[in-house]
Amino acid sequence: MLKNIVVFETGATPKIVKRHHSRLMRESFIYAGGRYHARYMALHFTTAGAAKYGYRPRAGERSGIGSRAFFRSYTGRKQREQKHVRPLVWSGVSETLARIRDVRATKTTGRIVQHARGLNRRNPNSEINMVDEIRSVAADEAAEVAADFGGHYVKRLKEIRTRRRLNL
């Protein structure tokens, strides 16, 4: 008569995968969010990024650069005082704060936290919303982030080499 039967599960069996799933999801969200931030956050502060993400034109961008309306506008004042016309940037503080990588994740979602509080300022008479502009993601970028997430998850799942003992 048998007294004790011991079964060992090794590798990615259903019970082992269930135990590691939350950790792998969190790691994958952090990985994908970090790669997105490293690749695309700087693009938000360029004129090419403004065109790609569909930023609303600022006052003065609609009129010609040499016109009187331009020099009296926000964009003209920014060019005169700050020597640039980059979107979402006045002095550079918000750009510096937005480039701080802070990715937070749970097992169900991941998010990139923006520390640029200056982008929360909003003129109630304007349709420009800088927070929505900095949060915008292009369709090709979303697909790339999804591929990064999936690739990282599968790669880490294959690395699971745990062992589970069952006494029957």
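Pull out all pairs, ordered by first then second residue, where Cβ-Cβ is under 9 Å, the residues are six or more apart or on different chains, the first lies in segment 12-35 and is farther than 16 Å from Lys107 by Cβ, and the second is part of a loop (DSSP other than H, G, I, E, B) and at pLDDT 90 or above.
Gly34/Arg101
Out of everything in segment 38-93 that is among the β-branched types (Val, Ile, Thr), within 25 Å of Val145 (Cβ to Cβ) and not in a helix (DSSP H, G or I), what residue ends up being modelled with the lowest pLDDT?
The residue in question is Val89.
If you take the residues in segment 54-74 that are surrounded by 16 or more Cβ atoms within 10 Å (Cβ to Cβ) and under 22 Å from Ser136 (Cα atoms), which one is nearest to the chain's Cα centre (by Cα)?
Tyr55
Any chance segment 86-97 includes a residue that's exposed (fewer than 14 other Cβ atoms within 10 Å of the Cβ), touching a helix residue (DSSP H, G or I) at 6+ places or on another chain (Cβ under 7 Å) and on the phi < 0 side of the Ramachandran plot?
yes
Please find, among Arg80, Arg58, the residue that is farther than 30 Å from Arg23 by Cβ, touching a residue at least 60 places away in the same chain (Cβ under 8 Å) and not hydroxyl-bearing (Ser, Thr, Tyr).
After ruling out the rest, the residue left standing is Arg58.
Looking at segment 103-130, which of the residues that are within 22 Å of Ala59 (Cβ to Cβ) and touching a Lys or Arg at 6+ places or on another chain (Cβ under 8 Å) is surrounded by the most Cβ atoms within 10 Å (Cβ to Cβ)?
Looking at residues that are within 22 Å of Ala59 (Cβ to Cβ) and touching a Lys or Arg at 6+ places or on another chain (Cβ under 8 Å), I get Met130.
Out of the residues in segment 151-161 that are exposed (fewer than 14 other Cβ atoms within 10 Å of the Cβ) and either in contact (Cβ under 8 Å) with a residue 24 or more places away in the chain or among the basic types (Lys, Arg) (or both), state the one that is nearest to Thr47 (Cα to Cα).
Taking the candidates together, the pick is Lys155.
Just give me the residues in segment 116-143 being assigned to a helix (DSSP H, G or I) and of a type in the set (Lys, Arg), in sequence order.
Hits for segment 116-143 are Arg117, Arg135.
Of all residues in segment 103-142 being in contact with a strand residue (DSSP E or B) (Cβ under 7 Å, 6 or more places away or on another chain) and not small (Gly, Ala, Ser), which is farthest from Ser73 (Cα to Cα)?
Among residues in segment 103-142 that are in contact with a strand residue (DSSP E or B) (Cβ under 7 Å, 6 or more places away or on another chain) and not small (Gly, Ala, Ser), the one farthest from Ser73 (Cα to Cα) is Arg104.
The values are calculated or read from the model by the stated rules, or taken from the named source; none is laboratory data. Remember, predicted model here, so these are calculated numbers, not experimental data. Positions of Cβ are backbone-derived with ideal geometry, glycine not excepted, and every protein chain shown enters the neighbour counts.
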